[in-house]
1. What is the spread of the Cα atoms of the chain along each of their three principal axes, largest first, in whole Å?
2. Straight-line reach from Lys73: which aspartates and glutamates have Cα under 19 Å away, leaving out those fewer than 8 places along the same chain?
3. Say the cut-off is 21 Å between C-alpha atoms; which of Lys15/Lys221; Lys98/Lys221; Lys143/Lys258 go over it?
4. What distance in nm separates the two pseudo spin-label positions at Ala155 and Thr20, each 7 Å out from Cα along the beta-carbon direction?
5. Quick one: work out the % antiparallel among DSSP beta bridges in the chain, nearest 5.
6. How far is helix 182-197 tilted off the main Cα axis of the chain, in degrees rounded to 10, range 0 to 90?
7. Which of Met97, Met2, Met7 comes first, and how do the rest follow, when ranked by fewest Cβ neighbours within 10 Å?
8. What distance in nm separates the two pseudo spin-label positions at Ile186 and Ile45, each 7 Å out from Cα along the beta-carbon direction?
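The numbers here are math on the coordinates, done by the rules we state, and not lab data. Worth saying up front: this structure is predicted, and the values here are computed from it rather than measured. Backbone-built Cβ (ideal geometry, glycine too); neighbour counts: all protein chains shown.
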Amino acid sequence: MMTSFIMNNNNIHFKHDGSTSLTIFDEPSEYSHISEKGSKRLQPIEMMEFQSKIASLASIELRNLNIPTPLLKSKYEVEISVASCRNIDELPLLLLMKSIVDGLNKRILSDDADVYKCSINYHPKKQHSRHSRTEPLDWLTLKVIDLNSSRTIIAIHDLNIHLVHKKNPYILEPEDDVLPFWYGDIYLSKLWDALNKQSFTIPSSSSYQVTMKFVGAVGSKDVDNLALFFYPLIELNEYFSLTGIRSITLEKEYDSYKSHTEIQIIPLLC
């Protein structure tokens with residue numbers, strides 16, 4: 001079904017199937033930073049330590065292959081698989097994906113905008129009585145693939161590590177006001193109102209797979225920030241919980257002639 005909503009005097013067209021598929025015909029937007037560029041911010045220490053461990057292990061992998069870091073500019077895919085004894089509500093997958101990709105940025109990837117495809121999957125794991133209380137309850141498998149050559153450059157398997165998702169920084173100076181997300185809030189609110197009027201309803205399920213594809217002038221945009229812009233739209237459905245998401249796949253494609261965002265929310269059989 002094709003319809004539209006008005007944003008800044010522009011008619012934004014979109015189509016949907018009423019439940020699981022949505023395409024917005026507009027240039028994909030990125031999620032904005034929460035504070036002014038150049039403001040003094042302190043990143044959470046636990047998150048920084050986690051990201052540093054990921055970058056160090058990836059760096060060792062590349063050193064063993066005699067590959068210098070950061071990697072040469074190319075198109076990369078990042079595959080993430082998580083097994084955990086913790087509940088999914090402690091591991092918001094999109095924010096965990098962002099934390100890992102941010103950890104690779106600069107040290108491993110010269111620019112995280114070089115990530116053209118990224119996926120994360122969650123697998124629940126039972127905690128055994130013999131599991132030490134001092135050992136992490138999470139396991140991480142991480143792959144980085146050069147899409148131009150189809151070569152797997154980094155492969156880390158079943159790493160027992162405490163996973164830390166992306167968290168907002170602390171603003172150190174009172175005058176550095178947190179920026180409002182007005183444009184995105186209004187954009188998604190208008191889009192959701194238009195969808196709601198046409199009874200767009202995500203089917204009820206205990207688990208879902210989410211895929212997003214961004215097409216347009218996206219070469220310099222981060223695929224995770226593109227997803228963060230649209231992610232709240234999913235949460236607006238009153239019958240849907242973000243803790244039900246077990247798998248996320250993101251992809252971007254540069255195209256100077258057309259632009260759109262494709263979103264699919266697929267119920268999984270458990």
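1. So the three principal-axis extents are 53, 47, 43 Å.
2. Glu61, Asp102, Asp111, Asp112, Asp114, Asp146, Asp222, Asp224, Glu251, Glu253, Asp255
3. With Cα atoms farther than 21 Å apart: Lys15/Lys221; Lys143/Lys258.
4. Output for this residue pair reads 3.2 nm.
5. 70 percent
6. 60 degrees
7. Met2, Met7, Met97
8. My value for the distance between the label points is 4.1 nm.
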